[in-house]
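A.B. asks: Let me give you the structure first, and then I'll get to my questions.
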Amino acid sequence: MTTPATAPRDILTFAESLVSGASPEAVRAGCDRAYYAAFLFCRERLRHRGLFDPSSGAGDHQALAVALRRWEFAAGNDLHRLRRSRNQYTYSLDEVRHGGRGAIPPQGMLRLARRVMAAVERL
């Protein structure tokens, strides 16, 4: 048995459907997937251009944001912000607060993921 291949844009589309869901669990899962859509898109795009050599480990998340800042500073910062918010949605069982030092709201996660992907597509 195999799992079919997928693409980051398809993951983002799935994230959009989850964020529009009624349950807090669906919204949290959608925020998680929004980050991963952007992360995977950036990782593959930079890897194909020889700008990033992933180790396939947990350190790739921070390393990718740092590498991305070299070529598209704002997108690197935005990817880092997405990850920080994703961590709140994924790892906290408490209420997730928005604004200030809180998480990016769910619709904002989707918008920011799209913005990062568009910026990296132009590289």
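The values are calculated or read from the model by the stated rules, or taken from the named source; none is laboratory data. Being a predicted model, the structure only gives us computed values, none of them experimental. FYI the Cβ positions are ideal-geometry reconstructions off the backbone, even for glycines, and counts take in every protein chain you see. Each accessible area value is taken on the protein alone, full model and side chains, heavy atoms only, with ligands, DNA and RNA left out. Shrake-Rupley method; radii C 1.70, N 1.55, O 1.52, S 1.80 Å.
A.B. asks: Mind putting together the pair-distance distribution for the chain? All Cα pairs, 5 Å bins, whole percent per bin, short to long.
C.D. replies: Whole-percent P(r) values from 0 Å outward: 2, 12, 22, 23, 20, 13, 6, 2, 0, 0.
A.B. asks: If I model a spin label as a point 7 Å beyond the Cα along the Cα-Cβ vector, how far apart are those points for Ala22 and Met1 in nm?
C.D. replies: If labels sit at Ala22 and Met1, their model points lie 3.0 nm apart.
A.B. asks: Rounded to the nearest whole Å², what accessible area per residue is found for the chain with the 1.4 Å probe?
C.D. replies: Per-residue accessible area for the chain comes out at 58 Å².
A.B. asks: Ignoring ligands, DNA and RNA, please state the percent of accessible area on the stretch 22-123 from carbon and sulfur, probe 1.4 Å.
C.D. replies: 50
A.B. asks: Relative to the Cα centre, what is the charge dipole magnitude of the chain, using +1 at the beta carbon of each Lys and Arg, -1 at the beta carbon of each Asp and Glu, and rounding to the nearest 20 debye?
C.D. replies: Result for the chain is approximately 420 debye, rounded to the nearest 20.
A.B. asks: In degrees, nearest 10, range 0 to 90: what is the angle between the Cα axis of helix 106-121 and the longest Cα principal axis of the chain?
C.D. replies: 10
A.B. asks: Can you give the relative contact order of the chain as a percent, counting alpha carbon pairs under 8 Å and 6+ residues apart?
C.D. replies: Rounded, it is 28 percent for the chain.
A.B. asks: Given the DSSP H assignment, sum -39500 (n - 2.57) over each helix run of at least 4 residues in the chain and divide by its residue total; what's the result at 222 nm in deg cm²/dmol, nearest 500?
C.D. replies: Only helices count here, giving -23000 deg cm²/dmol.
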